[in-house]
Amino acid sequence: MTAILELSGLTRRFGGVTALRGVSFAVGEGELVALIGPNGAGKTTCFNVIDGTLRPDAGAVRFAGARIDGLAPETIARRGIGRTFQVASTFGSMTVREGIAIAVAARERRDGRFASGPLATHSAAIDGLVAAAGVEALADQQCSTLAWGDAKRVELALVRAGSPRLMLLDEPAAGLEPDARRILMREASALARSEGVAVLFSEHAMDVVFGFADRVVVLDRGIVIADGPPSAIRASATVAEAYLGTPIPAPDATGAGGGVSGPAARGSAREPRQG
Amino acid sequence: MSLASFAIQLLNGLASASSLFLVAAGLTLIFGVTRIVNFAHGSFFMLGAYVGWSAGHALAAAFPASQLAFWLAVLTAGAVVAAIGAAIEALILKRIYAAPELLQLTATFGVLLIAGDAALALWGPEDRLGPRVPGLSGVVPVMGYRVPVYELVLIAIAVAVFVVLTVLLRRTRFGVLVRAAAENRELAGALGIDQAKLYTAVFALGSFLAGAAGALALPREPANLAMDLAVIADAFVVTVLGGLGSIPGAFVAALAIGVTKALCIAAGSIDIGGMTLALPRLTRVIEFIVMALVLLVRPAGLFGAPVASTPTAAHEPTRLVPPGRVAAWAAIAIALVALLLPALFGTYAAVLATDILIAALFTASLQLLTGSGGMASFGHAAWFGIGAYAAARVVLAGYPFAVALVAAPIVAAIVAAAFAGVSSRVSGIHFAMLTLALAQILWSAALDWTPVTGGSNGLIGIWPPTALADPSHYYMLTLALCATALLALVAIAFTPFGYTLRASRDAPLRARASGIAVGKRRREAIWLSAAFAGLAGALYAFSKGGVGPDSLAIPRSVDALVMLLLGGLSAVFGPLAGAAALTWLQDTLARSTEYWHAATGVAILALVLAFPDGIATLGSVARTLRRSAAAVRRRAVR
Amino acid sequence: MLRPFLFAAAVALVGSGAVAPHATLAQPIRLGEINEYKQFPAFLAPYRKGMQLAVDEINAKGGVLGRPLEIVSRDDNGVPGDAVRAAEELTTREHVALLMGTFASNIGLAVSDFARQRKVLFIAAEPLTDKLVWQDGNAYTWRLRASTYMQTAMLVPDAVKTGKKRWAIVYPNYEYGQAATETFKQQMIARAGSGLEFIEQPVPLGKIDPGAVVQALIDDHPDAIFSSLFGPDLARFVREGELRGLFKNRPVFDLLGGEPEYLDPLKDEAPAGWYVTGYPWYAIDTPEHRAFLAAYQAKFDDYPRLGSVVGYSAVKTAAAAIARAHSTDTAKLLAAMANLKVATPFGEVTFRAIDHQSTMGAFVGRLAVRDGKGVMVDFHYADGKDYLPPDDVVRRLRPAAH
């Protein structure tokens, strides 16, 4: 399998705190990779470095063979990396359909046009994305009023509108009911299987991690402490220690309690918090 | 300049800085905690001076030849103004915290208008010079110069207030709450802080400082009706330059401005390569130059933490609804009335409507920037004024009228593109203040660059060609151009660009992650908005037969904000409704009462409270009607 | 619920503006008046009273051409564009016979240009700028008050007499202050010859930094000081300058310092010995002024300021022009304005045909403190006609209109 994403020696500091130190791993085409680790391990920082929100202090990010570290987020997005945020972020003042339409326009490089007529909000592509996300009933609802789970689905549709070759999903299952999280993850894995889209997701819910990942990368205090197939990770003593000596529970034993609990039940149009 | 004189000038700078700090400290507290752009803060300062003057006179009889009268007057002024401030917060602002933050600015602007007329009614038009303070009215010799004792007292008071505020903020529970609220509003909410009480308390404290500062200014300047506006811009500069909510920041910023001003005055005129540069002339805008330079290097001010929130971001974004059938019919109806206006209501209606249309275009250009783009601007008059001056210069250079109308938006757009490039790192309230700085610098340049701009008198004789000389004819041209431009702006709002702009406002990180070049779109919005404002400026110049520095001045920028918020930040017809309301109100009130500023202020407050989403938002109107009906019903039941 | 009430209040408030003006028996002659009432209330509140007095006097005597005078006054909010709109309203809707008023130079010029464009008479009451009658003068504009040039020229003889060579000039940094400074320098050089030095200290209008400015002036070691400050700037300058000893052993001239509007707030701190132009209403012993003073005090229970005289005289000018023209037709009014003689509290003034400037003068004297108040002493009336340039110079200065 050829690597679509390669991180080598990524280091990022915030003042005196080193959030990432020498992080290296790769994601193959069509592969589902879980990035796990305790809170503060550096998962979100890692995502932010990959998508260009943060610049690494050292190291390199290669996407499809080309260096992308130091590029602007929008440039990286246009190369084919899409992402979601821990707190699902949508365009609060727009309807679901309008939001998806603008994401489609951005992919087609039409987002800057102001002399070519109004934004088309009805097209096969948009309808397809609305249907794929299962939000037909919400298509004309304003995003700021979406429930937490619906906002996550809509955000995923926004990401898919960009036709990414790699999706970064930051805690996709957090705050979702078990059924909802399974549906969401099945969608993501179907995408990986059928269209060859690579997925890198961070997650606390172990049922999700071990139920869906092809491979698991474990971060602890900014260092990759393990990288391998789910079975090997579950058996790893190092990983168990990183999780404060707690043995990693079996997938079907976790249920809703295995993940971190999500914030309030209502979706938010606010900006995701960085860091 | 001798060393001694240099040292004394530093001391002078320190004294002015102290005075400035006392006003700005209150503002930075209010601003830092509540994020309210409180235009009435200058009015609090002015009211403090007047109350201090009256109290001083009353108390002087009770305590003849004693300092006590003065100090009691200062405390009285502080207390009275604190009560006024707290009342305004509790009775007016509290009702609109859920609205866009710029709406609170609009409300405080209404308060400013009322306060000015109240002072005129209570104290009359004449300046009121306070008596000198017994025991503090002399001078002390310092390095061979006579330095007024009171200036040293003022410095001491500023240091004392600084220390007290610092201790208050660092060592008390109140201070912890204030700092928490200033640094992170959501966190403060999560900590279970009673925001309602905290906001009222902070408003009272900030107003107390402003009122006391006003009374403390009395030994140096008479209480007068121009104090409010004279101090407010500087106080904001200090607040933003120092960093929002930072008392040490305000202290350092006030010091920087006070000392820079004093040194400019001391340096006098200097020769650089045959050119004479009169540095004292710079004192008019030096605070804005300093602030602009600092913000370009440190976008959050000297002591400020980077603030992501823009003045409009905290409130739930309103959807800009694409105009449907009703809006289309409304537009057609408005257009029909507009076409028949001169025939139906005579020439003056056309004149007034010309002003309304130009104001609507100017406001709509701000709506693109602030409404869709989420970039508040306190200096939008910059583009209006550039357009007006450019049009005037083009005509004076002998080119036809039509060329001027084309050149004006282009010139404004070019300057705006340059400004957008320079200011790309600055956002939120800091961006708003940077636009203000630009407008103020241009305003000052217009005043000083007499050969090109005509100086303070401006340029006159800029009338449209003979065929359009009749106001009704010029109105028709304005109607055609403004209607086209307004429709173009509405259309732009629903193009991919317009949606992208709002997407970038709603969730910039989400937008960038979707491949949207947020920075580029914002820069485009700046120059596009400037082009429309420039066209409005050009039309204005020809409708008035001239252009002057007032076209660049703060009141014009404020008018645009007020009209935008009155009409509705996210309402398609908002700019037109807001411009019509404010222009017509002023025109009508100015001729019916001497206290027409206050009347306008009351009307603004009433509209803001009744229609927080703007008078052009149908939902808002319907809500208000429902509420009124319900109120009537309730009363009927009783 | 407060909101519905506030809304109702707003509607009521707006509605009250729409009350129609009451009808009068004889069709009145309407005078359109525009001013910056909100920006310069200290001058313009007394000005309004002066106008009122004149209108009442004229109407008590049967008005003009058998018709009463009516003033239709508009506040321009200090914005030239608003002044032009008011002028449009007054001419098109109120059908006024003429326009008058204005205080600030930029507003005066804007209305003057409007008068030229719309072909209506404009009697500029107060704006001081020389441009109004010279560089930008036009056929429709006439100015009542002595100009910056004239007032400055009135102080120059005393300034020359001091024999001082090194002058510090402090002025509000806009056209009025700049013009006063230029005129002063030119006339001093013309009269006092070589060896003069001028150091300038421009200050932002309304925002003087008095400590630094006074200190800078002290460091310049001038022999004498010429200032055109007024209002709050003047009060701050005086207080700081007195404290720091700037005025000690230095003659000081202030262009408008004797006007009650600016002198009275200083009370016992009025700077004694300063040379000023102004209006010593308490000591002018002419029959015209005695009558004006008595009438004014009887009507308003207050003493007149200079604004009162200007407002009063402006209305008298309009009335005299209409009476002389026997018409409210603009062409006839313009013809009547040329060499029109008007009786004012300062005596008879003439509107010069050559440059449309009236010969109204000002009182020149020195300041003193009496009974805790600033007063002018040793003053004389400087007749405006004596402080204007020779006719050939005036013609050169007024290119457009000749």
Spin-label point model (7 Å from Cα, Cβ direction): what's the B:Ile414 to A:Ala240 distance in nm?
7.4
Using only the alpha-carbon atoms of region B:347-582 as identical scatterers, what base-10 log of I(q)/I(0) does the Debye formula give at q = 0.12, 0.13 Å⁻¹?
-0.60, -0.71
37 °C / 0.692 mPa s Stokes-Einstein diffusion coefficient of the protein assembly as shown, Kirkwood radius on C-alpha pairs, µm²/s
98
Determine the distance separating the Cα centre of region B:334-400 from the Cα centre of region A:1-50; give it in Å without decimals.
53
Sorted by accessible surface (1.4 Å probe, heavy atoms of the protein chains only), largest first, B:Met275, C:Met51 come out as B:Met275, C:Met51
Hull volume per residue for region C:235-392, using the convex hull of the C-alpha atoms, in Å³ is 139
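Filter the chymotrypsin sites (Phe, Trp or Tyr not before Pro) in region C:245-354 down to the DSSP loop ones having no more than 16 other Cβ atoms within 10 Å, then list what survives. Present the calculation step by step, with values, prior to reporting the outcome.
On the way: sites: C:Phe247, C:Phe253, C:Tyr262, C:Trp274, C:Tyr275, C:Trp281, C:Tyr282, C:Phe292, C:Tyr296, C:Phe300, C:Tyr312, C:Phe346, C:Phe351; in loops: C:Phe247, C:Trp274, C:Trp281, C:Tyr282, C:Phe346.
Those that pass, being in a loop and sparsely packed, are C:Tyr282.
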Please tell me the relative contact order of chain A in percent, rounded to the nearest whole number, where contacts are Cα pairs under 8 Å and at least six residues apart.
27
In chain A, what percentage of the DSSP-assigned beta bridges are antiparallel, given to the nearest 5?
60
Determine the relative contact order of chain C: mean sequence separation of Cα pairs under 8 Å and six or more apart, normalised by residue count, in whole percent.
18
Longest exposed-loop-site-free stretch of chain A, with trypsin sites (Lys or Arg not before Pro), DSSP loop and at most 12 other Cβ within 10 Å?
A:110-272
How are the alpha carbon pair distances in chain C distributed across 10 Å bins from zero to the largest one, expressed in percent?
5, 22, 31, 24, 13, 5, 1, 0
Taking the Cα atoms of region C:140-288, what is the range of coordinates along each of the three principal axes, in descending order and whole Å?
47, 36, 31
Ignoring trypsin sites (Lys or Arg not before Pro) buried by more than 10 other Cβ within 10 Å or outside DSSP loops, the longest site-free run in chain C is C:62-247
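For chain C, with every protein chain kept in place, what is the accessible area per residue (1.4 Å probe, Å²)?
Values: 13720 Å² over 402 residues.
On a per-residue basis, chain C sits at 34 Å².
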Per principal axis, descending, Cα span of region A:80-186 in whole Å
46, 28, 22
Tell me, what is a quarter of the convex hull surface for the C-alpha atoms of region B:106-164, in nm² with one decimal?
7.4
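For C:Ala335 and C:Glu197, FRET efficiency with R0 = 45 Å and r from the beta-carbon atoms, rounded to 0.05?
Details: r = 48 Å, r/R0 = 1.08.
So the FRET efficiency works out to roughly 0.40.
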Determine the percent antiparallel among the DSSP beta bridges restricted to the protein assembly as shown, to the nearest 5.
50
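Just checking the output field for A:102-108: average partner chain Cβ neighbours within 10 Å of each residue's Cβ?
Details: counts 10, 7, 2, 9, 11, 2, 2.
Across the residues of A:102-108, the mean count of other-chain Cβ atoms within 10 Å is 6.
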At 7 Å along the Cα-to-beta-carbon direction for both B:Ala480 and A:Ala120, put a label point, then send me their distance in nm to one decimal.
3.5
What's the buried accessible area, both sides, between C and B using a 1.4 Å probe, rounded to 100 Å²?
7100
Please state the relative contact order of region A:13-87 as a whole percent: Cα pairs under 8 Å, 6+ residues apart?
23
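Using the heavy atoms of the protein chains alone and a 1.4 angstrom probe, what is the accessible area of region B:347-582 per residue in square angstrom?
Details: 5910 Å² over 236 residues.
Heavy-atom accessible area per residue stands at 25 Å².
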Once Rh is set to the Kirkwood radius over Cα pairs, what Stokes-Einstein translational diffusion coefficient, in µm²/s, holds for chain B at a temperature of 4 °C and a viscosity of 1.567 mPa s?
50
Report in % the part of the accessible area of region B:347-582 that belongs to carbon and sulfur, leaving out ligands and nucleic acids; probe 1.4 Å.
73
Where does each of A:222-229, B:554-561 land if you order them by average Cβ count within 10 Å, highest first?
B:554-561, A:222-229
So what is the accessible area of region B:1-126 per residue, in Å², with the probe set to 1.4 Å?
28
For labels at A:Thr11 and C:Gln186 in the simple 7 Å Cα→Cβ model, what's the distance in nm?
7.3
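In square angstrom and rounded to 100, what buried accessible area do you get between chains B and A, total over both, with the probe at 1.4 Å? Could the numbers behind the result be given before it?
On the way: alone 26720 and 12250 Å², together 35930 Å².
Approximately 3000 Å², summed over both chains.
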Helix axis angle, B:3-34 relative to chain B longest principal axis, alpha carbon, degrees
60
What does the net charge come to around B:Leu22 if you take all other residues with beta carbon closer than 14 Å to its beta carbon, with K and R at +1 and D and E at -1?
-2
Of all the Cα-Cα pairs you can form in region B:548-611, what percent are over 16 Å apart?
49
In deg cm²/dmol, rounded to 500, what helix-only [θ] at 222 nm does chain C give when every DSSP H run of at least 4 residues adds -39500 (n - 2.57) and the total is split over its residues?
-13500 deg cm²/dmol
Given the options C:Leu334, C:Leu255, C:Leu243, state which has the largest fluctuation in a GNM of chain C using a 10 Å cut-off (strictly under) for Cα springs.
C:Leu243
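Report the antiparallel proportion of the DSSP beta bridges in chain C as a percent, rounded to a multiple of 5. Mind showing how you got there, number by number?
Values: 18 of 53 bridges.
Given both bridge residues lie in chain C, the antiparallel proportion sits at roughly 35 percent.
Convex hull over the Cα atoms of region A:1-130, averaged projected area in nm²?
Values: hull surface 40.6 nm².
One quarter of the hull surface, i.e. the mean projection, equals 10.2 nm².
Determine one quarter of the surface area of the Cα convex hull of region B:435-529, which equals its mean projected area, and express it in nm² to one decimal. Please report the intermediate quantities before stating the final value.
On the way: hull surface 36.2 nm².
Orientation-averaged projected area of the Cα hull: 9.0 nm².
Take the eigenvalues of the Cα gyration tensor for chain A, scale each by 5, and report the square roots as semi-axes in whole Å, largest first.
Details: eigenvalues 179, 97, 56 Å².
Each semi-axis is √(5λ); the values are 30, 22, 17 Å.
The values are calculated or read from the model by the stated rules, or taken from the named source; none is laboratory data. Note that the structure is predicted; figures quoted are calculated from it, not measured. No Cβ is skipped: glycine too gets one built from the backbone with ideal geometry, and neighbour counts run over all protein chains shown. Side chains included, ligands, DNA and RNA excluded: accessible areas come from the protein's heavy atoms. Shrake-Rupley method; radii C 1.70, N 1.55, O 1.52, S 1.80 Å.
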